[in-house]
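Taking it in order: structure first as structure tokens, then the write-up.
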Amino acid sequence: MTDTAQRRTVAKVAVHPVQAPPPAGDRRRRRLADQARAYGFLVGGLVCFALFSWYPAIRAVVIAFQKYTPGGEPEWVGTANFTRVFQDPEFGAAWRNTLTFTLLALLIGFAIPFVLALVLNELRHAKAFFRVVVYLPVMIPPVVSALLWKWFYDPGTGLANEALRFLHLPTSNWSNGADTALVSLVIVATWANMGGTVLIYLAALQSIPGELYEAAELDGANLLQRVRHVTIPQTRFVILMLMLLQIIATMQVFTEPFVITGGGPENATVTVLYLIYKYAFLYNDFGGACALSVMLLVLLGAFSAAYLRLTRTEGESA
Amino acid sequence: MSTRTLLSPAALARPRGKAVYWTVFTGTVLLFVIAFLFPVYWMVTGAMKSADEVARTPPTLVPERWHVSGYTDAWDLMQLPEHLWNTVVQAAGAWLCQLVFCTAAAYALSKLRPAFGKVILGGILATLMVPAQALVVPKYLTVADLGLLNDPVAIWLPAVANAFNLYLLKRFFDQLPRDVLEAAEMDGAGRLRTLWSIVLPMSRPVLGVVSIFALVAVWQDFLWPLMVFSDTDKQPISVALVQLSQNIPLTVLIAAMVIASIPMVAMFLAFQRHIIAGIGAGSTKG
């Protein structure tokens, strides 16, 4: 419809407020034109979602049951991919490492940001400084953070052992030791990602009404009791939300083990996503890679569903 | 400003409270400097040390002699201009595609009542439940089938399939008053015209947030470009750094790391107020 035509109908409406409904054929044509226009706006986004989200999700499940090499004819193999992947000695190691990484990240990377946010919320000076500095590592590309810490962890000349020597503590093998490698990677991930968590906690802490603390104090609650009975219940939702998000994120860890340890030493840092990468690009076994992807997808999908449910119900009640 | 927190203003005003406050304050400043600023300082100055000084134990806190050659060597030896340019092209394209396709789609879903709009929105939101990294392999195969390997388009178009940004835009458009849009229509503006001259100017804050998310995501990504760009000349800086890190002198590598960090850190320092406010507000609102 051209601009003038539209303007003419508007004018008509102004003159005859009670207008007879247009003939049915005309109305349907207009509705079709409206739909065509709406889909004109939608089509770019839809094609991208279809090609790069919906189709790959379906395809992962299909290929998980196929023998698949790019360019070749796919061949149905039933659950052979799953059994082969199960029997891979790295399979157990990858899942163990991923779960340990997630657990350690929760232990190390969860309490620290909360305590930091608690302290920062009490400080009345240099607020901008703290916020910018804590978020700075988040803006450094993850690859650079990983390479930086790889250099720090160097057993000979690295800064990490230098710090231990300075404090007269025994030195460590850090990322080069089979028993310390995973913890070393958790430290890197925590350092690099903590800023966002701290800022989210800070925002949550600031929304706690001051009267609650006042009332608790009048009732004789000491500092720790106030944290326990006011702060934590009041931020319960954010704590839970961030915990789910962190589980989802850390179970997909890839950059740190790939860059810092290369999965070693002795498979100590091979993660599930790393194993998926190896199956696809080292073994050229896309069926196995997709079988692993589907397993990861199912597990993380459950956490994501819990997260979405949580944010949606809380969003409605808030 | 005087909303009370865990500690009461009265407790802080007491001499003991003041002493504790300033001790904690100093301790926190020191902790932040050591934990977050010092590694960055170490990186920037490490690149300026000579090859044997950087490997020395105990290390020197300040370079004995400042060499700029680390930086210039990195620039030339590692072909940083080329890789930086690749990253810029990838990030700019992804940003533009996201702005164009996601705003158009969000506008349609929010204001144009397409048939099956609810189903489509549901399908888009469902992808939030699918962890992105778990789908990289089938996504890679699709990109390969389309002949997009080693092509920046392989970064641009998948970036559009970002349910989070699309939903952010849709939620914002939902809040725009209907009568303003209807008034524009009365004045004879078409859908595109309404989007361009009414909706977009009113949506500047959310467009800013989406832009920052889009740029940061591409600049920081590693696994996807690692898969897609096997051709060394096409690789963005993140992938190139790792590929080249094996056979390059340490000072040169460190210098390259610093250079790779500058664009995002500079953007953060320039827009830090907005970025920090956005993180806090976005999260607590859910």
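Where the centroid of each part is defined by its Cα atoms, how far is segment A:247-309 from segment B:1-37 in Å?
42
Taking only DSSP H segments of four or more residues, each worth -39500 (n - 2.57), what value at 222 nm results for the protein assembly as shown once the sum is divided by all its residues, to the nearest 500 deg cm²/dmol?
Taken over the protein assembly as shown, the calculation gives -21500 deg cm²/dmol.
Below 8 Å between Cα atoms, with a sequence gap of 6+, how large is the relative contact order for chain B in percent?
Relative contact order, chain B: 29 percent.
What accessible area per residue comes out for the protein assembly as shown, rounded to a whole number of Å², with a 1.4 Å probe?
Here the residues of the protein assembly as shown average 48 Å² of exposed surface.
When the C-alpha atoms of segment B:129-177 are aligned to their principal axes, what extent does each axis show, in angstrom, from largest down?
44, 22, 12
Evaluate the Kirkwood expression for the hydrodynamic radius of chain A, namely the inverse of the mean inverse distance over all pairs of different C-alpha atoms, and round to one decimal in Å.
Here the Kirkwood hydrodynamic radius works out to 24.6 Å.
Using the alpha carbon gyration tensor of segment B:70-222, what are the three equivalent-ellipsoid semi-axes (square root of 5 times each eigenvalue), largest first, in whole Å?
34, 20, 13
To the nearest 20 debye, what is the magnitude of the charge dipole of chain B about its Cα centre, counting +1 on the Cβ of each Lys and Arg and -1 on the Cβ of each Asp and Glu?
In total the dipole reaches around 1500 debye.
If you rank A:V115, A:V238 by how much accessible surface each has, with a 1.4 Å probe, what is the order from largest down?
Ranked from most to least accessible, the order is A:V115, A:V238.
For a quick size check, give me the Cα extents of chain B along its three principal axes, largest first, whole Å.
73, 66, 35
For q values of 0.12, 0.23 Å⁻¹, compute log₁₀ I(q)/I(0) with the Debye formula on a Cα-only model of segment B:147-267, without solvent.
-0.64, -1.28
Which of B:V29, B:V40, B:V218 moves most in a GNM of chain B, Cα contacts under 10 Å?
Result: B:V29 has the largest fluctuation of those listed.
P(r) of segment A:25-92 in 10 Å steps, Cα pairs, percent per bin?
17, 25, 22, 15, 13, 7, 2
What whole number of Å gives the distance from the Cα centroid of segment A:52-97 to the Cα centroid of segment B:120-134?
Centre-to-centre distance over Cα atoms comes out at 21 Å.
Taking the radius of gyration and the Kirkwood hydrodynamic radius from Cα positions alone, what is the Rg/Rh ratio for segment A:106-237, to two decimal places?
With Rg and the Kirkwood Rh in hand, the quotient comes to 1.08.
Compute the relative contact order of segment A:224-292 as a whole-number percentage, counting only Cα pairs closer than 8 Å that sit 6 or more residues apart in sequence.
Relative contact order comes out at 18 percent.
Rounded to the nearest 10 Å², what accessible area does B:Y167 have for a 1.4 Å probe in the complete protein model?
Spelled out: B:Y167, probe radius 1.4 Å, area about 70 Å².
Could you tell me how many cubic angstrom of Cα convex hull volume segment A:176-230 has per residue?
Spread over its residues, the Cα hull of segment A:176-230 gives 93 Å³ apiece.
Work the Kirkwood hydrodynamic radius out for segment B:48-108: mean of 1/r over every pair of different alpha-carbon atoms, inverted, in Å.
Kirkwood radius, segment B:48-108: 15.2 Å.
Would you please state the base-10 log of I(q)/I(0) at q = 0.15 1/Å for segment A:42-196, with intensities from the Debye formula using one equal scatterer on every alpha carbon?
Cα-only, vacuum Debye calculation for segment A:42-196: -1.04.
Helix B:80-97: angle to the longest alpha-carbon principal axis of chain B, degrees 0 to 90, nearest 10?
It is inclined by approximately 20 degrees.
For segment B:91-157, what is one quarter of the convex hull surface built on the Cα atoms, given in nm²?
Over every viewing direction, the Cα hull of segment B:91-157 projects on average to 5.5 nm².
Over segment A:163-318, what number does the Rg to Rh ratio reach, with both radii from the alpha-carbon atoms and Rh per Kirkwood?
1.11
For segment A:58-102, what ratio Rg/Rh do Cα atoms give with a Kirkwood hydrodynamic radius?
Rg/Rh: 1.10.
Report the far tail of the P(r) of segment B:1-73, meaning the percent of Cα-Cα pairs longer than 20 Å.
Here the long-distance tail beyond 20 Å is 55 percent of all Cα pairs in segment B:1-73.
Any idea which of A:N222, A:L147, A:F129 is furthest toward the positive side of the dipole for chain A, if Lys and Arg beta-carbons carry +1 and Asp and Glu beta-carbons -1?
Value: A:F129.
Could you run the Karplus curve 6.51 cos²θ - 1.76 cosθ + 1.60 with θ = phi - 60° over segment B:158-174 and give me ³J(HN,Hα) per residue in whole Hz, x for Gly and Pro?
Running phi through 6.51 cos²θ - 1.76 cosθ + 1.60 with θ = phi - 60° gives x, 5, 5, 6, 10, 4, 5, 5, 5, 5, 4, 5, 4, 4, 5, 4, 4 Hz.
Most mobile of A:G92, A:G195, A:G158 per a Gaussian network model of chain A (Cα springs, under 10 Å)?
In this elastic network of chain A, the residue with the biggest mean-square fluctuation among A:G92, A:G195, A:G158 is A:G158.
Percent of accessible area on the protein assembly as shown owned by carbon and sulfur, 1.4 Å probe?
Heavy-atom surface of the protein assembly as shown belonging to carbon and sulfur, 1.4 Å probe: 65 percent.
Can you list the equivalent-ellipsoid semi-axes of segment B:158-202, largest first and in whole Å, using the square root of 5 times each Cα gyration tensor eigenvalue?
Rounded to whole Å, the semi-axes are 24, 12, 7.
Would you work out the charge dipole size for segment A:228-318 about its Cα centre, treating the Cβ of every Lys and Arg as +1 and the Cβ of every Asp and Glu as -1, and quote it to the nearest 20 debye?
Using only the charged Cβ atoms, the result is roughly 300 debye.
Please compute how much accessible surface disappears when B pairs with A, both sides summed, using a 1.4 Å probe, and round it to the nearest 100 Å².
That pair of chains buries around 9100 Å² in total.
What is the dipole size for segment B:1-130, taken about its Cα centre, with +1 at each Lys and Arg Cβ and -1 at each Asp and Glu Cβ, in debye to the nearest 20?
1140
What residues of segment B:147-164 lose no less than 20 Å² of accessible area with every protein chain in place versus their chain by itself (probe 1.4 Å, heavy atoms only)?
B:L157, B:P158, B:V160, B:A161
Computed FRET efficiency, Cβ-Cβ of A:T157 and B:W22, R0 35 Å: what is it to the nearest 0.05?
Plugging the Cβ-Cβ distance into 1/(1 + (r/R0)^6) gives 0.40.
How big is segment B:44-145 by Rg and Dmax over its Cα atoms, in Å?
So, for segment B:44-145, Rg and Dmax equal 24.1, 70 Å respectively.
In percent, what relative contact order does segment B:18-131 have, based on Cα pairs under 8 Å that are 6 or more apart in sequence?
13
Partner chain Cβ atoms within 10 Å, averaged over the residues of B:35-42 - can you pull that number for me?
Per residue, the number of nearby Cβ atoms from other chains is 5 on average.
Using the Karplus equation 6.51 cos²θ - 1.76 cosθ + 1.60 (θ = phi - 60°), what ³J(HN,Hα) coupling, rounded to whole Hz, does each residue of segment B:112-117 give in order, writing x for Gly and Pro?
Working through the residues one at a time gives 9, 6, x, 4, 6, x Hz.
Enter the mean projected area of the convex hull around the alpha-carbon atoms of the protein assembly as shown, in nm², rounded to one decimal.
34.5
Take every residue in peptide B:271-280, count the Cβ atoms of other chains within 10 Å of its Cβ, and give the average of those counts.
Other-chain Cβ atoms within 10 Å of each residue's Cβ, averaged: 5.
The values are calculated or read from the model by the stated rules, or taken from the named source; none is laboratory data. As the structure is a computational prediction, the values presented were derived from the model and not from experiment. Using ideal geometry, Cβ is built from the backbone for each residue, glycine included, and neighbour counts are taken over all protein chains shown. Ligands, DNA and RNA are excluded from the accessible area calculation, which covers all protein heavy atoms including side chains. Shrake-Rupley method; radii C 1.70, N 1.55, O 1.52, S 1.80 Å.
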